[in-house]
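For reference, the structure is listed below as structure tokens.
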Amino acid sequence: MENLGNYKLVFLGDQAVGKTSIITCFMYGNFDTNYQATIGVDFLSKTMRYEDRTFRLQLWDTAGQERFQNKQTFLNTSKWIQEVRAERGSHVIVVLVGNKTDLIHKRQVSIEEGDNKASEFGALFMETSAKAGFNIKPLFCKITSALQGNEAVSGTKQEDLVDVNLKASTKSSRAEHDQVESSCC
Ligand code: G3D
Ligand code: MG
């Protein structure tokens with residue numbers, strides 16, 4: 001099994017869009033666990049397998065300062081993506097995530113709008129619902145798949161970075177859990 005090293009995934013987006021919920025759903029398979037109750041660690045780790053390679057993903061949650069209404073959180077993703085590009089350059093993989101698809105009657109942004117915006121920014125796009133557990137694992141599979149195409153390996157000086165941008169809807173402190181391999185892609 002070839003180990004392709006550590007990858008940093010940073011979850012950016014306005015407050016209450018569901019960043020923490022997506023991480024929780026992916027790590028623990030449920031919606032209600034509040035991993036942030038455990039304090040003291042900066043990120044959660046999970047090893048993903050893609051074919052005969054493994055990727056260790058570091059999930060870095062962040063706490064947005066401002067809370068906006070649904071549509072505005074989508075508009076604000078432009079700012080988040082631009083900041084990431086300005087800071088990290090164009091090589092980073094950016095994924096635009098539309099969360100809370102379970103709130104069908106409150107939808108403000110069409111799939112097409114999301115898709116178009118992602119294309120415009122050279123980002124991947126995915127819709128999810130942390131609450132329903134919809135598309136959460138596929139999201140991380142998509143990221144892993146993009147990483148393996150990227151061929152960034154441990155041993156290279158620069159650590160590759162995946163930024164997961166969220167739209168739609170914080171608490172602070174962090175928990176540590178290093179979960180074992182998840183093979184799904
Ligand atoms: P954040 O980490 O981006 O700030 P959170 O967002 O994960 O803390 O989620 C903010 C609120 O949105 C939480 O509700 C959470 O339960 C809810 N939420 C997260 N994901 C989904 C989703 O997919 N669908 C729905 N319907 N709600 C979601 P509270 O009430 O605790 O503020
Ligand atoms: Mg949070």
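The values are calculated or read from the model by the stated rules, or taken from the named source; none is laboratory data. None of the values given here were measured: they were computed from a predicted structure. No Cβ is skipped: glycine too gets one built from the backbone with ideal geometry, and neighbour counts run over all protein chains shown. To get the accessible areas, we keep the full protein, side chains included, count just its heavy atoms, and leave off ligands, DNA and RNA. Shrake-Rupley method; radii C 1.70, N 1.55, O 1.52, S 1.80 Å.
Quick notes on this structure:
- Inter-centroid distance (Cα atoms) of the range 57-105 relative to the range 5-19, Å: 8 Å
- If R0 is 45 Å, the Cβ-Cβ spacing of I104 and N6 corresponds to a FRET efficiency of close to 0.75.
- Most positive-pole-ward Cα, S78, V94, T128, against dipole of the range 66-143 from beta carbon charges: T128
- Take the range 2-162 with all the other protein chains still there, run a 1.4 Å probe, and you get 49 Å² of accessible area per residue.
- On full extension, the segment bounded by Q148 and N30 gains 39.7 nm, given 0.36 nm per residue less the C-alpha separation.
- Karplus-based coupling profile of the range 80-86, in residue order and whole Hz: 4, 5, 4, 5, 5, 4, 5, with θ = phi - 60° in 6.51 cos²θ - 1.76 cosθ + 1.60 and x standing for Gly or Pro.
- Near I93, the amide H atoms lying under 5 Å from its own belong to L161, D163; only residues 5 or more places off or on other chains count, and H is placed 1.01 Å from N.
- Based on C-alpha pairs under 8 angstrom that are at least 6 apart in sequence, the range 2-162 has a relative contact order of 32 percent.
- DSSP bridge orientation in the range 2-162 - percent antiparallel, rounded to nearest 5: 35 percent
- Simple spin-label estimate for E113 and D52 in nanometres, 7 Å along Cα-Cβ: 4.7 nm
- Spacing of the two label points (7 Å from each Cα toward its C-beta) at R88 and Q65, in nm: 2.1 nm
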